[in-house]
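Visitor: One structure is given below, represented as structure tokens, and several questions about it will come after.
What follows is calculated from the coordinates using simple rules that are stated; it is not laboratory data. As the structure is a prediction and not an experimental result, all values here were calculated from the model. Here the Cβ positions follow ideal geometry from the backbone for every residue, glycine too, while neighbour counts run over all protein chains shown.
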């Protein structure tokens with residue numbers, strides 16, 4: 001079919017194909033970035049929940065531990081706080097990649113549309129929507145974890161105030177300094 | 001080498017690879033768009049030069065042709081003007097694709113850089129520079145053709161004025177209407 005062959009070699013046809021390659025690779029890039037971001041958010045949420053559990057357990061054992069036990073509990077909490085910070089940094093890092101992947105896909109969708117590759121343009125736009133809603137779901141998990149952490153902080157302040165009041169009646173044992181640290 | 005394997009499966013590594021795919025396909029897209037635009041500009045320039053040659057030949061034969069010959073020369077010039085317009089439309093169309101391909105490559109370069117694929121980012125930026133200079137070269141050709149067309153227009157107005165003046169002394173033969181048309 002000679003007409004068909006000429007069509008396949010036309011600039012328009014070659015540009016359309018190249019534009020489809022770009023939307024395909026942009027979609028792949030977006031899906032890798034989305035998976036990485038969701039994993040990072042999930043790991044961050046888990047780390048926060050672990051920190052919350054440790055802090056609550058510690059609050060419930062206030063005054064019931066020996067100084068050595070108290071100290072080892074503190075070491076665990078401090079390590080977990082560092083873990084939470086690391087996970088948060090990773091979230092930020094993958095979030096910036098993910099934002100640039102979304103931008104990439106939007107540019108690819110536009111370029112495909114301009115080049116007459118409407119189908120490729122629609123496909124990549126659908127992929128953007130899917131990625132947005134997946135990340136939104138994951139962000140609900142981390143928002144939930146952040147909320148629990150904030151609640152624990154309030155609880156901590158109250159309990160420590162009670163504990164200090166009761167302690168100052170008894171003796172002058174200091175509150176571990178690390179406990180007052182900002183996180 | 002187990003460490004190597006873990007590296008290859010890390011999110012960072014997968015993202016970097018996907019970002020390189022995007023820069024590769026964006027470069028392909030840009031080179032197709034560049035070839036198409038350069039071809040379109042070249043064809044436009046050729047069409048303009050042909051029109052200039054036809055118009056100059058016609059001016060040199062003013063008053064030397066029979067009405068039938070005059071008419072057939074006019075048909076050729078009118079057809080060539082239409083050809084020039086078509087070629088110009090094609091230039092505009094491919095130019096808009098090309099601009100979106102450049103934008104695409106810039107976004108891809110940025111995304112690759114954010115993802116840690118610095119080499120891919122540099123490569124695509126180099127490709128953008130090459131494309132820009134290639135198109136610039138081609139645009140010099142069409143600017144040159146446009147200049148010749150403008151010169152011919154001035155020459156045309158002068159010669160037609162002379163011819164009309166000399167004709168009004170002789171008889172009342174009209175200037176073909178198509179000649180006065182804007183192009």
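Visitor: Can you list the copy-to-copy distances for residue B:65, using a point 7 angstrom from Cα toward Cβ, in nanometres, shortest first?
Guide: 10.3
Visitor: Here's something else I'd like to know. Give me the angle, in degrees from 0 to 90, between the Cα long axis of helix A:11-60 and the longest principal axis of the Cα atoms of chain A, rounded to the nearest 10.
Guide: Value to nearest ten degrees: 10.
Visitor: Here's another thing I want to ask about it. Which of B:90, B:70, B:106 moves most in a GNM of chain B, Cα contacts under 10 Å?
Guide: Evaluated over chain B, the most mobile residue of the options is B:70.
Visitor: Taking Cα atoms, how many degrees apart are the long axis of helix A:118-170 and the longest axis of chain A, rounded to 10 and kept between 0 and 90?
Guide: Relative to chain A, helix A:118-170 is tipped by roughly 10 degrees.
Visitor: Could you estimate the translational diffusion coefficient of chain A from the Stokes-Einstein equation, with Rh from the Kirkwood formula over C-alpha pairs, at 37 °C and 0.692 mPa s, in whole µm²/s?
Guide: Details: Rh = 20.2 Å.
The estimated diffusion coefficient comes to 162 µm²/s.
Visitor: Arranged by the count of other C-beta atoms within 10 angstrom, fewest first, what order do B:62, A:9 take?
Guide: A:9, B:62
Visitor: Sorted from shortest, what are the nm distances separating the label point of residue A:89 from equivalent points in the other copies, each placed 7 Å from Cα along Cα to C-beta?
Guide: 5.9
Visitor: How do A:105, A:91 rank when sorted from fewest to most other Cβ atoms within 10 Å of their own Cβ?
Guide: In increasing order of surrounding Cβ atoms, one gets A:91, A:105.
Visitor: Over the range A:80-177, calculate the relative contact order: mean separation of alpha carbon pairs under 8 Å at least 6 apart, over the residue count, as a percent.
Guide: 14
Visitor: Suppose a student asked you for the relative contact order of the range B:2-106, using Cα pairs under 8 Å spaced at least 6 residues apart; what percent would you report? Walk me through the numbers before you get to the answer.
Guide: Details: 47 pairs, mean separation 49.5, N = 105.
For the range B:2-106, the relative contact order is 47 percent.
Visitor: Which value at 222 nm does the protein assembly as shown reach when only helices count, each DSSP H run of 4 or more adding -39,500 (n - 2.57), with the total divided by all residues and rounded to the nearest 500 deg cm²/dmol? Intermediate results must be reported in sequence, preceding the final value.
Guide: Details: 8 runs with 318 residues, N = 366.
Only helices count here, giving -32000 deg cm²/dmol.
Visitor: Across the protein assembly as shown, how large is the tail of the calculated P(r) beyond 38 Å, expressed as a percent of all Cα pairs?
Guide: 51
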